[in-house]
1. How many of the residues in segment 189-213 are crowded, with 22+ Cβ neighbours inside 10 Å and either free of Cβ contacts under 8 Å to residues at least 40 places away in the same chain or not in a strand (DSSP E or B) (or both)?
2. Looking only at segment 289-305, how many residues end up being surrounded by 15 or more Cβ atoms within 10 Å (Cβ to Cβ) and either part of a loop (DSSP other than H, G, I, E, B) or without any contact (Cβ under 8 Å) to a residue 60 or more places away in the chain (or both)?
3. Among the residues of segment 119-143, write down those that are touching a strand residue (DSSP E or B) at 6+ places or on another chain (Cβ under 7 Å), crowded, with 17+ Cβ neighbours inside 10 Å and within 15 Å of residue 317 (Cα to Cα).
4. Given the conditions (1) in contact with a helix residue (DSSP H, G or I) (Cβ under 9 Å, 6 or more places away or on another chain); (2) over 17 Å from residue 336 (Cα atoms); (3) surrounded by fewer than 20 Cβ atoms within 10 Å (Cβ to Cβ), which single one is not true for residue 109?
5. Which one of these does residue 347 not meet: (1) in the same structural domain as residue 217 (by TED's automatic domain parsing); (2) crowded, with 17+ Cβ neighbours inside 10 Å?
6. So how many residues does segment 322-344 have that are in a helix (DSSP H, G or I) and surrounded by fewer than 23 Cβ atoms within 10 Å (Cβ to Cβ)?
7. Determine whether segment 227-246 contains at least one residue that is assigned by TED's automatic domain parsing to the domain that holds residue 157, crowded, with 21+ Cβ neighbours inside 10 Å and more than 21 Å from the chain's Cα centre (by Cα).
8. Residue check: is residue 178 surrounded by 23 or more Cβ atoms within 10 Å (Cβ to Cβ) and within 17 Å of the chain's Cα centre (by Cα)?
């Protein structure tokens, strides 16, 4: 994990830095899990060069070297439980494929904040508390684009490059981020000729992402055997996001932007001086915000009280001995930044405790 270097950050990051310096707000280079990037723009769909330290180039080779066996293309369909204790898993290579069982002294489930409750709910496991699948947090987010008189060519820098943590006390995390046209054009405002012109001006756009550590909650559930995900953004969280969009606009205008696109249904564009009246104090309802969702977490939360959570502080489920959960679903609340490092830290701690127990 190293801070992004100036030569790979790109002009999108530089404009964010300039705006922050002008306003006197706290900012800095993002620490990323990538080494020798070439700024090829494939970050949204997976690194084409394996510069990012994904599992297949980091943890899995280490696990195999330590004696682990990896069964690819197999979907876990069932946790095997005998005499009330988890003893293994059953998998199928595909629909109608051959059943394959793996038995072990401990079962560790790490299917994420959506897959973990989906599997457990399908078997009616680990939910005596009634909290399984609840308390879903998703980091509601939006991109705030701005038009500059100069060429920015944001795709020539790394995707996430510069952070702004001035308003972290409000649960807001801003970052200079950019994706190539096929992934980024959908958030541009307008229709017809106005939208066409903004697409043509894509090389002059800079983008700041606004992420919220949400207090709103959603739920992962099964309905007639099918996965259902529900989430409602609260009015309070909507106001905080609007505040964050206004601050992103402040940074853009301080860096020299001529107009900003706040991704709000009732505000297509703003010019300098309009961000407080039209955005921050605009009274925008949650349904009027064009948002995305990132980093699901919290659907099998940790609690020392079996009635308030799904797993104990050790990571073992309260209801099913021998079954541990080690992913973002165990978070008791949303965190303020990308949860990758926190998930890794939680997983390593649970693994260390489990290793000692099994020794």
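1. Adding up the residues that qualify gives 0.
2. Number satisfying all stated conditions: 9.
3. Across segment 119-143, the qualifying residues are 119, 121, 125, 126, 133.
4. Exception for residue 109: condition (3).
5. (1)
6. Residues meeting the conditions: 5.
7. yes
8. Criteria met by residue 178.
The values are calculated or read from the model by the stated rules, or taken from the named source; none is laboratory data. Not measured: the values here are computed from a predicted model. All Cβ positions, even for glycine, are placed from backbone atoms using ideal geometry, and neighbour counts span all protein chains on display.
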